[in-house]
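Asks: Input: one structure, supplied below.
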Amino acid sequence: MKKTFLFIAFISLSLTSLKAQEDPETLFDGKLSFSNLGVFVDPGFQVTQVAGENTGYFLFRGGMTFGDKLSLGGFYGQMVNDIRPASFENILPARAHVDSYQAGGFIEYTLQASKMVHLTFPLSFGIMELEVDEEGRDFDYEETKTFFIEPGAQVEVNLHRFARLHAGVGYRVMTGSIEDFPGVPEAGNALTFQIGLKMGVFNFNQLKNQ
């Protein structure tokens, strides 16, 4: 009888201790649901250097937000002006140039999204292709494809519940080639400057509260 009483007392104390413990802090505060999700598209522009030459990319991103804190998605960028690196002089024809695209994914953390002006910290990763081309030719030269990673920091302004203007800087680090060809220049590490306009429903709770 005494052993039974001690066992019951032990179980009661254990349950009381578990109830007294605070829940651990989590990214989503235990409230992750479909109503906390969001979706957005993000057309924008990036200024940077490739192979030592100034250039720009039209960027298009799209993704999902979780609790209006963490965003996951993908992107595609197309070079808007052909470049002619200095290494082409006296080697390739005058009309030879480089064009490029980049594609991959991103993860982004947003700090205090409810404030009109706030910060976001994107991390992009993917591949960049550089291709040597020449106008008037019936075929192209070969191309290279290289992995890169690009951390950044952005200032974001809430223009509207469904629109956010952002601008900031990043740094592109080329990490490893998956396709090489002699004569195609290396993109090189470089600073990046970006501006874009996110449009979407960043948290479906916004619609429920109207």
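The values are calculated or read from the model by the stated rules, or taken from the named source; none is laboratory data. Just so it is clear, the model here is predicted, and its values are computed rather than measured. Cβ atoms come from the backbone with ideal geometry, glycine included; neighbour counts cover every protein chain shown. For accessibility, only protein heavy atoms count, side chains too; no ligands or nucleic acids. Shrake-Rupley method; radii C 1.70, N 1.55, O 1.52, S 1.80 Å.
Asks: Can you pull out the residues in region 62-93 that are on the phi < 0 side of the Ramachandran plot and part of a loop (DSSP other than H, G, I, E, B)?
Replies: Hits for region 62-93 are K69, V80, N81, D82, R84, P85, E89, I91, L92, P93.
Asks: With respect to the numbered conditions (1) more than 16 Å from the chain's Cα centre (by Cα); (2) of a type outside the set (S, T, Y); (3) surrounded by 13 or more Cβ atoms within 10 Å (Cβ to Cβ), which one is the sole condition not fulfilled by G152?
Replies: (1)
Asks: Would you mention how many residues in region 55-78 are in contact (Cβ under 8 Å) with a residue 60 or more places away in the chain and in contact with a strand residue (DSSP E or B) (Cβ under 6 Å, 6 or more places away or on another chain)?
Replies: 3
Asks: Tell me which residues, restricted to region 34-61, are part of a strand (DSSP E or B) and open to solvent by 30 Å² or more (accessible area, probe 1.4 Å).
Replies: Correct list: V39, V41, P43, F45, V47, Q49, E53, N54, F58, F60.
Asks: Right, something else. Would you confirm whether or not region 126-139 contains a residue that is open to solvent by less than 40 Å² (accessible area, probe 1.4 Å), assigned to a loop (DSSP other than H, G, I, E, B) and of a type in the set (A, V, I, L, M)?
Replies: Looking for residues that are open to solvent by less than 40 Å² (accessible area, probe 1.4 Å), assigned to a loop (DSSP other than H, G, I, E, B) and of a type in the set (A, V, I, L, M), one finds none in region 126-139, hence no.
Asks: Which ones in region 186-210 are at pLDDT below 85 and more than 18 Å from G73 (Cβ to Cβ)?
Replies: N205, Q206, L207, K208, N209, Q210 - these are the residues of region 186-210 that are at pLDDT below 85 and more than 18 Å from G73 (Cβ to Cβ).
Asks: I need a count of the residues in region 109-125 that are open to solvent by 30 Å² or more (accessible area, probe 1.4 Å), hydrophobic (A, V, I, L, M, F, W, C) and not in a strand (DSSP E or B).
Replies: 1
Asks: Please specify each residue of region 147-175 satisfying the condition of being farther than 30 Å from N205 by Cα and among the acidic types (D, E).
Replies: E150 - this is the single residue of region 147-175 that is farther than 30 Å from N205 by Cα and among the acidic types (D, E).
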